[in-house]
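Working notes, beginning with the structure itself.
The values are calculated or read from the model by the stated rules, or taken from the named source; none is laboratory data. Quick caveat: nothing in here was measured; it's all calculated off a predicted structure. Because the Cβ atoms are built from the backbone with ideal geometry, glycine has one as well, and the counts that use them run over all protein chains shown. Keep in mind that these areas ignore ligands, DNA and RNA; they rest on the heavy atoms of the full protein, side chains included. Shrake-Rupley method; radii C 1.70, N 1.55, O 1.52, S 1.80 Å.
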Amino acid sequence: MRFWLLVVAFLCIGCDYEIITPTPVINVNSTSTNTNTTQVDKSDTEATPTPPGGTVPPPAPGGVLPLPAYGEAVTLQLGAANATLVQKSCQTTDGAQAWAFMDLLIAGLRAAKGDSRWGYLCKDASCSTFGRDVVAYKAGATDLGIWIVDVLGNHCPGPGDSPTQVRWGVLPFETVRRWSATR
C-alpha cells in the first residue's frame, strides 16, 4: 500500500495543479438592516419593475409582487427629515396627531414610484384598527397577501427607554393579513 501512495505522490509532484478559489462578492452599497430574527429566504425581494407612466402592474393571477427595494431609502429619508413627527408618533400618548408620520410615510412611499400598493396593516378582520408602527405592501391581486415592514423601533417608549427610531425591519410574507389604502 505504501508503494502505491509513493507512486501517486511522485506523479503528483511532476504535475502542475492550480487551485483557484473564487473571490467573494461584497456589496459595499448595501445599507439594509434586517431586524427580523427569523431566518427567511429573502431572494424574492428585488425591485418591483415600474413601467412608463409610474404605475406598478398587478401581479399575475396567483402571483406575488416582491417588496420594492426603494422603500427603505424613502423611509429613512422621511424619518430623518421629520424627526419631530417620529418622536410624537405614539398614538397612546400623543393622540390622533401621532398618525402624522405614518400618513406622511405612506404618502411618500406611494409617490416615490407612483405605486399605490403601500398602505396600512389591518389589525382586525373589519379593518377598523391599524398597525401603528408598520407599513404594508399589497403584493397580491386582493387585499390579502402583503409584505409588512416595521418602520418605527421602540415605538411608544416608556420612562428611561431610548426614543423612537426609524428603521426598516422586513417581516415574513403574510398570506392572510389584510391591507388598507386608508385608515
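Things worth noting here:
- For region 129-137, the count of residues that are touching an Asp or Glu at 6+ places or on another chain (Cβ under 9 Å), under 30 Å from A60 (Cα atoms), aliphatic (A, V, I, L, M) and in a loop (DSSP other than H, G, I, E, B) is zero.
- Taking the criterion of being under 22 Å from A80 (Cβ atoms), in contact (Cβ under 8 Å) with a residue 60 or more places away in the chain and in contact with a strand residue (DSSP E or B) (Cβ under 7 Å, 6 or more places away or on another chain), the residues of region 136-166 that qualify are Y137, V149, D150, V151, L152, G153, T164, Q165, V166.
- Looking only at region 85-121, and only at residues there that are more than 18 Å from K138 (Cβ to Cβ) and outside any helix (DSSP H, G or I), the one that is most open to solvent (accessible area, probe 1.4 Å): K88
- Residue selected from region 164-183 under the condition of a type in the set (G, A, S) and surrounded by 15 or more Cβ atoms within 10 Å (Cβ to Cβ), by the criterion nearest to V64 (Cα to Cα): S180
Conditions tested, residue by residue: (1) under 23 Å from D115 (Cα atoms); (2) buried (at least 21 other Cβ atoms within 10 Å of the Cβ); (3) at pLDDT 95 or above.
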site: A141; (1), (2), (3): yes, no, no
site: G153; (1), (2), (3): no, no, yes
site: P157; (1), (2), (3): no, no, no
site: S162; (1), (2), (3): no, no, no
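- Scan region 73-84 for residues that are surrounded by fewer than 20 Cβ atoms within 10 Å (Cβ to Cβ) and under 23 Å from Y137 (Cα atoms) and the total you get is 7.
- Selection over region 68-111 of residues that are among the small types (G, A, S), within 18 Å of T129 (Cβ to Cβ) and under 22 Å from the mean Cα position of the chain (by Cα) gives a count of 1.
- Any hit, region 122-133, residues being under 17 Å from the mean Cα position of the chain (by Cα), under 20 Å from R167 (Cβ atoms) and open to solvent by less than 30 Å² (accessible area, probe 1.4 Å): yes
- Residues (touching a strand residue (DSSP E or B) at 6+ places or on another chain (Cβ under 8 Å) and small (G, A, S)) located in region 84-127: S89, G119, A125
- In region 144-183, the residue that is farthest from G62 (Cα to Cα) out of those that are touching a Gly at 6+ places or on another chain (Cβ under 9 Å) and assigned to a loop (DSSP other than H, G, I, E, B) is S162.
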